[in-house]
6 protein chains.
Amino acid sequence: MSDGPVLIVSAHAADFVWRAGGYAALAARRGAGAHVVCLSYGERGESAALWKSGATLEQVKAARRAEAEAAAKALGAQITFLDAGDYPLPRADAGLMDALVQRIRAVRPAAILVHSAADPYNADHPRAAELALEARILAQAEGYPSEHPIIGAPPVFRFEPHQPEMCGFQPDVLVDITEVFDVKRAAMECMNAQEHLWDYYTELARRRGVQAVRNGGDRAIRYAEAYQRVYPQVAGVLA
Amino acid sequence: MSDGPVLIVSAHAADFVWRAGGYAALAARRGAGAHVVCLSYGERGESAALWKSGATLEQVKAARRAEAEAAAKALGAQITFLDAGDYPLPRADAGLMDALVQRIRAVRPAAILVHSAADPYNADHPRAAELALEARILAQAEGYPSEHPIIGAPPVFRFEPHQPEMCGFQPDVLVDITEVFDVKRAAMECMNAQEHLWDYYTELARRRGVQAVRNGGDRAIRYAEAYQRVYPQVAGVLA
Amino acid sequence: MSDGPVLIVSAHAADFVWRAGGYAALAARRGAGAHVVCLSYGERGESAALWKSGATLEQVKAARRAEAEAAAKALGAQITFLDAGDYPLPRADAGLMDALVQRIRAVRPAAILVHSAADPYNADHPRAAELALEARILAQAEGYPSEHPIIGAPPVFRFEPHQPEMCGFQPDVLVDITEVFDVKRAAMECMNAQEHLWDYYTELARRRGVQAVRNGGDRAIRYAEAYQRVYPQVAGVLA
Amino acid sequence: MSDGPVLIVSAHAADFVWRAGGYAALAARRGAGAHVVCLSYGERGESAALWKSGATLEQVKAARRAEAEAAAKALGAQITFLDAGDYPLPRADAGLMDALVQRIRAVRPAAILVHSAADPYNADHPRAAELALEARILAQAEGYPSEHPIIGAPPVFRFEPHQPEMCGFQPDVLVDITEVFDVKRAAMECMNAQEHLWDYYTELARRRGVQAVRNGGDRAIRYAEAYQRVYPQVAGVLA
Amino acid sequence: MSDGPVLIVSAHAADFVWRAGGYAALAARRGAGAHVVCLSYGERGESAALWKSGATLEQVKAARRAEAEAAAKALGAQITFLDAGDYPLPRADAGLMDALVQRIRAVRPAAILVHSAADPYNADHPRAAELALEARILAQAEGYPSEHPIIGAPPVFRFEPHQPEMCGFQPDVLVDITEVFDVKRAAMECMNAQEHLWDYYTELARRRGVQAVRNGGDRAIRYAEAYQRVYPQVAGVLA
Amino acid sequence: MSDGPVLIVSAHAADFVWRAGGYAALAARRGAGAHVVCLSYGERGESAALWKSGATLEQVKAARRAEAEAAAKALGAQITFLDAGDYPLPRADAGLMDALVQRIRAVRPAAILVHSAADPYNADHPRAAELALEARILAQAEGYPSEHPIIGAPPVFRFEPHQPEMCGFQPDVLVDITEVFDVKRAAMECMNAQEHLWDYYTELARRRGVQAVRNGGDRAIRYAEAYQRVYPQVAGVLA
């Protein structure tokens, strides 16, 4: 399963950078490929500075899109925007669901990365995860209409939310991102209005790196990202 | 972490065979080595047939030991007996704890396999897991007296209990044991008095094999064992 | 509460057979009656073989309906199809909800059987359960418009999902289905394209039978089905 | 945060009286202000006596509204009715969500009180809580269109459901309502058709009062209400 | 399983009266028999009034024993005192465990009633439950030395703690005790120093009675006790 | 409850500094008083550098004691050492339990601070918490022998473990420690061998400070500590 591309489903334009940018860069670097789907631009919920500066809705969306495109480019990832609207992200929009299913079928990901199952600070995040998980199931069904063939059963990983202890997030996997951390940092710096987060997520990566070593990882690990599994792993060796 | 031996902590003489025999055989076959520690012989709690036949305590223990040794040999595993007594397995026996710590330090396992965290049908099982988890922590401490050096942080996996849905067991890893299943079956058949379990655990391995395929594993998988992680995995690729 | 009929709410055409067919047969045999409501035919999500053979949507639905009717007949159960569509089953369809409420009022069940609360492999299953639980509540309200009178508070039981340990399913009740197991097997055999499941669910029934004996049931039990309660039981004797 | 008004989001017309009437009266008495938003009148689900007496839908709604207005007046609270319909309360009604967001922005509450996260006896209750929690998040966003400015991060408390042990409700805060209990009782007595509940909730307040004393509260506490926090408290002293 | 006696394992002298007195009276009345085992007299932890009056340890124990004997007599139950000491109840006392095992084997209960799994207000309560559950397992083992034969697998029920919502107690069974409530009340009144609890537990029995009706029980139920199952029920009819 | 001293129960010599040093300093500064009880010196489990340097057991204990005394002095706290031994901390040592009870009775704390309920990296931590919780209950009992009078029901708070998301730690209270952070930093710097932790816990305090602001706290908060409640809070205002 590990040779194909990774697909990252992001509720808003910037989520994938902070939470899964390292893994996207790793996948790009080893040639597997990284694809990001942004369900919305985060135009209402995560663009306070732009609104305060007097931007219109279209200007906000364009600005967030430009940043996200720059960040994806820095990571070496492809990016698609579904523009479904945020705050609230629609819960039961047949068009959005179908677009997501078709995207999953087209990409044929080796792994899918989604938001956490709960987030008391942002209702769009768990909803995006729920949509992605259901879309993956629909993409497995022969009877779901599509020009693309069905997919198999790629593993799904939840990326780390901003406040893991409030979101039921418990890390199952710590991924070494040391070799691409400079790339992740560069992608984060594409998010102009959120400078305080550059250091926050650098520090988080460092802490996860320490935990990786503490949990038996290579002593050379300096930066890591945490992920939570949705399905059991299939493995040959317990390690 | 995956090159060293596996250490399996078994409350009673036969537990390791049914629950982790496949992985023991795999580790033995690839040359990593498999070590089993039986905390007790299961002389009181899991030897009903022998008691009914009129055996004495010493006879029961000798019989269970012989079976376990034969099964370990079939799997290619080394086995140690701590003879701490069962039903109940002692909760706070300093000698038992120390013996377990020293064994862990001596083996320097790449992975440790333990019982589930709960079992309403057998209080010895979760207690053995608790002892093993604490012994691993003590084995990591510079200040714990021993002739052996401290160990690192080997990952710990819970093996599948008899009734997983009653024991809080949720599989995190499915290990393909197809290539050694005949060896596991042979080891199970060393347990003379429990013929009905031979087929039960063969059938379970088959079901776990089907689930492994359904969760994205190779289509050639026919038999598998399920494990639950205690600590986060450190990985390079999400798969 | 135990004299009236049982109502089984099935997301797709075949779910009721594998998961609650034994209890349906028992209820039919003792004259209480068994009613099945299929919310969809499972035309998209659970009919892979038919799609691969080139069937059209209408042909798939007709084929699944015919099988489900045959299985219900074998069990001695009545069956109703709401044809709400699957993959995804609609979450907030007022017409579907009302049809379900009216059906519950018309049947006046002594017990209602529903899917598990979670299922990471099939989003329709927990959604069908949620719909059934809410419809039962609406059916209890004097103010809900209907030609039928309100119902009381029939107990609700979740039937066993395919992978109980992944779905938060913990058995609260084991029902002896030994005397009707041949009928359940006959019903399962109406599902032509799923021969591998015939043996799987036969084996599951056998394991649940063993557990029933192990949990204090009659030693003559050979087959059982597992259920999880949603509401407290009202009883005269603790047994 | 404690100087401003409290906002209570009630699924049906009477919920706020039984569950949070004491706190509403306290807030009114100390001049902070209490605002109630009733999402529906509870016309279908909680008005059995009126339906049995032959009232029409409009008569039921008018009657429930009159009672709720009288109770709010007794408590010293302002009340708003959104008339979104009950049994079922709509899950994804954009107009309802917006009305709730605007109300939260207009009131600028120091605390928001909502239903429990689960209730197997009433699906409207957890749904009302989910709506209120999401509306609060939307009310915090600069980009959400409104004539009112954004709000800060007022704490949210779940009030006690009718059967706490079935609804995942665990009390985090016990509020002394001794000084206003007569006012709460008077408000409860505005609910004409539910006399049996007057004593039930008087008795509950007494039990919660005893628990408050047992958990270190002032020995003079005689009546209390229980609440569950959604977010961490920010405090200067641990008490 | 329902024809034999019930065995109630009580941490302190009075626990069985408040929490399971109704069921004890029912079992006595229908001739099945009720046996109580008090692990301690509650001499330190639940006898504040006696200590304040200047009683010695032996006087406290004698007083609590006399009350418990009177209450048991009122209920029609037999009672045994193991005098293991309370506050703290010993966790790993081999003599206590053996006494409990032998008592279970001697009584051969059709059901065993134990404390809740957690209680942040009283550490003896969950410890008594843990001891009872393990003793039942030991009593099932052929190899455990005893003059009595092994027992089967009697169901185990947790009785309701004083603050269920703080103790992880969720009712699975509501038992109608209407016909014996006067007997339970008489037994409660044997507890001289705890008059305030007489009314508290009368009121609790009334509330559980209302819930029994609300959950589908007979409309004539006026008093009930709540219980939580440890093991799955084996049943013929889902009701 | 908030005027009296705080009592902090620390498994090892340094735990109280990293996890609750800020609150100790606050309590000291406002004159309420701070008392620390160290159950062990952490001589085996948390003194790797000393062991590597060739120190003897007594030297290690003396060194840890000196550091802890210096840190307590910096915080303005009194400190007591029970020297019960670590790795493992004894689970059922009657002398240790009694010493803890007597200490609690002597101090009469307004609040008690303890470790988290779980910690897969350190078995002593949850065990110390369990001991402290039980000792508090014993200290409340009239019948427990002591020269000191019984205590009331001081609230208990769990302080933050090193890896909260692995230890079931979810913050319920964020305490502003901005005004004493320099004191906490000075106390941390008494721990000579653990320089890397000085910055780690400075950074953690900063993150918790940001969360406090995000959860409605004063915008001037720069440093905070997180705590989890064991018992419900008794409050007059929901804030």
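The values are calculated or read from the model by the stated rules, or taken from the named source; none is laboratory data. Predicted model only: the values in this text are computed from it and were never measured. Positions of Cβ are generated from backbone atoms using ideal geometry, with glycine treated the same way; all protein chains shown enter the neighbour counts.
Checking the structure you have, find out if any residue of region B:71-91 is within 12 Å of another protein chain (Cβ to nearest Cβ) and either in contact with a Pro (Cβ under 8 Å, 6 or more places away or on another chain) or of a type in the set (S, T, N, Q) (or both).
No, the conditions are met nowhere in region B:71-91.
Cβ contacts < 8 Å: first residue under 15 Å from E:Ser10 (Cβ atoms), restricted to region E:59-77; second residue of a type in the set (S, T, N, Q), any location; separation 6+ or different chain. Result?
So the pair list comes out as E:Arg64/E:Ser47; E:Glu67/E:Asn192; E:Ala72/E:Gln78.
Of the residues in region D:33-60, how many are in a helix (DSSP H, G or I) and among the β-branched types (Val, Ile, Thr)?
At the first step, the residues of region D:33-60 found to be in a helix (DSSP H, G or I) are D:48-52, D:57-60.
Narrowing the set further to residues that are among the β-branched types (Val, Ile, Thr) leaves D:60.
Residues flagged as in a helix (DSSP H, G or I) and among the β-branched types (Val, Ile, Thr) within region D:33-60 amount to 1.
Which count do you get for residues in region B:22-48 that are within 14 Å of chain E (Cβ to nearest Cβ) and buried (at least 24 other Cβ atoms within 10 Å of the Cβ)?
Taking region B:22-48 as the starting set, the residues that turn out to be within 14 Å of chain E (Cβ to nearest Cβ) are B:40-48.
In the following step, the residues that additionally are buried (at least 24 other Cβ atoms within 10 Å of the Cβ) were identified as B:40-47.
Residues in region B:22-48 being within 14 Å of chain E (Cβ to nearest Cβ) and buried (at least 24 other Cβ atoms within 10 Å of the Cβ): 8 in total.
Name the residues in region A:218-234 that are under 21 Å from B:Tyr227 (Cβ atoms) and either of a type in the set (Val, Ile, Thr) or modelled with pLDDT under 95 (or both), would you?
Going residue by residue through region A:218-234, those that are under 21 Å from B:Tyr227 (Cβ atoms) are A:226-234.
Scanning region A:218-234 gives A:Val230, A:Val234.
Check A:Tyr201 against each of (1) under 27 Å from A:Glu46 (Cα atoms); (2) at the interface with another protein chain (Cβ under 10 Å from one of its Cβ atoms) and name the one condition it does not meet.
Of (1) under 27 Å from A:Glu46 (Cα atoms); (2) at the interface with another protein chain (Cβ under 10 Å from one of its Cβ atoms), only one is false for A:Tyr201: (2).
How many residues does region D:5-21 contain that are within 17 Å of F:Leu238 (Cβ to Cβ), more than 10 Å from chain F (Cβ to nearest Cβ) and of a type in the set (Gly, Ala, Ser)?
Number of matching residues: 2.
For region C:2-21, name all the residues that are of a type in the set (Ser, Thr, Tyr) and surrounded by fewer than 24 Cβ atoms within 10 Å (Cβ to Cβ). Walk me through it before giving the result.
Applying the first criterion (of a type in the set (Ser, Thr, Tyr)) to region C:2-21 yields C:2, C:10.
Matches in region C:2-21: C:Ser2 only.
Name every residue in region B:207-221 that is surrounded by fewer than 16 Cβ atoms within 10 Å (Cβ to Cβ) and touching a residue at least 12 places away in the same chain (Cβ under 8 Å), in order of residue number. Before you say what the answer is, go through the steps one by one.
Residues of region B:207-221 that are surrounded by fewer than 16 Cβ atoms within 10 Å (Cβ to Cβ), as a first pass: B:218-220.
If the condition is that a residue be surrounded by fewer than 16 Cβ atoms within 10 Å (Cβ to Cβ) and touching a residue at least 12 places away in the same chain (Cβ under 8 Å), then B:Asp218, B:Ala220 are the ones that fit.
Could you tell me which residue of region B:223-239 is farthest from B:Ala117 (Cα to Cα), considering only residues that are of a type outside the set (Gly, Ala, Ser) and at the interface with chain A (Cβ under 7 Å from one of its Cβ atoms)? Spell out how you get there, then give the answer.
Here is the first cut: in region B:223-239, the ones of a type outside the set (Gly, Ala, Ser) are B:223, B:225, B:227-234, B:237-238.
Among the residues that remain, those that are also at the interface with chain A (Cβ under 7 Å from one of its Cβ atoms) are: B:227, B:229, B:231-234, B:237-238.
Working: B:Tyr227: 12, B:Arg229: 11, B:Tyr231: 13, B:Pro232: 17, B:Gln233: 19, B:Val234: 22, B:Val237: 29, B:Leu238: 27 Å.
Restricting to residues being of a type outside the set (Gly, Ala, Ser) and at the interface with chain A (Cβ under 7 Å from one of its Cβ atoms), the top hit is B:Val237.
Collect the residues in region B:108-124 that are over 11 Å from B:His162 (Cα atoms), surrounded by 22 or more Cβ atoms within 10 Å (Cβ to Cβ) and under 15 Å from the mean Cα position of the chain (by Cα), keeping them in residue-number order.
Those that are over 11 Å from B:His162 (Cα atoms), surrounded by 22 or more Cβ atoms within 10 Å (Cβ to Cβ) and under 15 Å from the mean Cα position of the chain (by Cα): B:Pro109, B:Ala110, B:Ala111, B:Ile112, B:Leu113, B:Val114, B:Asp124.
Given the conditions (1) assigned to a helix (DSSP H, G or I); (2) over 19 Å from E:Arg105 (Cα atoms); (3) not acidic (Asp, Glu), report the number of the one that E:Ala27 does not fulfil.
It fails just one condition, (2).
Only residues that are closer than 19 Å to E:Arg208 by Cα and not in a helix (DSSP H, G or I): list them for region E:170-194, please.
The answer is E:Gln170, E:Pro171, E:Asp172, E:Val173, E:Leu174, E:Val175, E:Asp176, E:Ile177.
In region D:49-68, which residues are farther than 17 Å from D:His115 by Cβ and buried (at least 17 other Cβ atoms within 10 Å of the Cβ)? Spell out the reasoning first.
In the first step, residues of region D:49-68 are kept if they are farther than 17 Å from D:His115 by Cβ; the result is D:49-67.
Once the filter is applied, which keeps residues that are farther than 17 Å from D:His115 by Cβ and buried (at least 17 other Cβ atoms within 10 Å of the Cβ), region D:49-68 yields D:Leu50, D:Trp51, D:Ala55, D:Val60, D:Lys61, D:Ala63, D:Arg64, D:Arg65, D:Glu67.
Of everything in region D:152-200, what is closer than 25 Å to D:Ala220 by Cβ, surrounded by 22 or more Cβ atoms within 10 Å (Cβ to Cβ) and not hydrophobic (A, V, I, L, M, F, W, C)? Give them in sequence order.
Listed by number, the residues that qualify are D:Glu160, D:Pro171, D:Asp176, D:Lys184.
Failed condition for F:Asp98, given (1) over 18 Å from the mean Cα position of the chain (by Cα); (2) crowded, with 23+ Cβ neighbours inside 10 Å, with all others met?
Just one mismatch for F:Asp98, condition (2).
Check region B:177-194 and report whether any residue there is within 26 Å of A:Ile151 (Cα to Cα), at pLDDT 95 or above and touching a helix residue (DSSP H, G or I) at 6+ places or on another chain (Cβ under 6 Å). Lay out the reasoning, then the answer.
In the first step, residues of region B:177-194 are kept if they are within 26 Å of A:Ile151 (Cα to Cα); the result is B:177-178.
Of the ones still in play, those that are also at pLDDT 95 or above are B:177-178.
Filter once more, so that each one left must be touching a helix residue (DSSP H, G or I) at 6+ places or on another chain (Cβ under 6 Å): B:177.
There is at least one residue in region B:177-194 that is within 26 Å of A:Ile151 (Cα to Cα), at pLDDT 95 or above and touching a helix residue (DSSP H, G or I) at 6+ places or on another chain (Cβ under 6 Å).
Give me a count of the residues in region B:113-166 that are among the hydroxyl-bearing types (Ser, Thr, Tyr) and within 14 Å of chain F (Cβ to nearest Cβ).
Residues of region B:113-166 among the hydroxyl-bearing types (Ser, Thr, Tyr): B:116, B:121, B:144, B:146.
Those still in the list that are within 14 Å of chain F (Cβ to nearest Cβ) too: B:144, B:146.
So the count comes out to 2.
Mind checking which residues of region F:201-239 are of a type outside the set (A, V, I, L, M) and in a helix (DSSP H, G or I)? Walk me through it before giving the result.
To start, the set of residues in region F:201-239 that are of a type outside the set (A, V, I, L, M) comprises F:201-203, F:206-209, F:211, F:214-219, F:222-223, F:225, F:227-229, F:231-233, F:236.
F:Tyr201, F:Thr202, F:Glu203, F:Arg206, F:Arg207, F:Arg208, F:Gly209, F:Gln211, F:Arg214 - these are the residues of region F:201-239 that are of a type outside the set (A, V, I, L, M) and in a helix (DSSP H, G or I).
So for region C:125-133 (the condition being closer than 21 Å to C:Val234 by Cα and either without any contact (Cβ under 8 Å) to a residue 12 or more places away in the chain or part of a helix (DSSP H, G or I) (or both)), does at least one residue qualify? Even if it seems obvious, please write down each step before you answer.
So in region C:125-133, the residues closer than 21 Å to C:Val234 by Cα come out as C:133.
In the following step, the residues that additionally are either without any contact (Cβ under 8 Å) to a residue 12 or more places away in the chain or part of a helix (DSSP H, G or I) (or both) were identified as C:133.
Yes, the conditions are met somewhere in region C:125-133.
Within region B:160-167, is even one residue within 25 Å of F:Gly168 (Cα to Cα), among the aliphatic types (A, V, I, L, M) and part of a helix (DSSP H, G or I)?
Yes, there is a match, as at least one residue in region B:160-167 is within 25 Å of F:Gly168 (Cα to Cα), among the aliphatic types (A, V, I, L, M) and part of a helix (DSSP H, G or I).
For the structure I just gave you, tell me whether E:Ser146 is more than 24 Å from E:Ala63 (Cβ to Cβ), assigned to a loop (DSSP other than H, G, I, E, B) and in contact (Cβ under 8 Å) with a residue 60 or more places away in the chain. Talk me through it step by step, then tell me what you get.
Details: more than 24 Å from E:Ala63 (Cβ to Cβ): yes; assigned to a loop (DSSP other than H, G, I, E, B): yes; in contact (Cβ under 8 Å) with a residue 60 or more places away in the chain: no.
Judged against the criteria, E:Ser146 is not a match.
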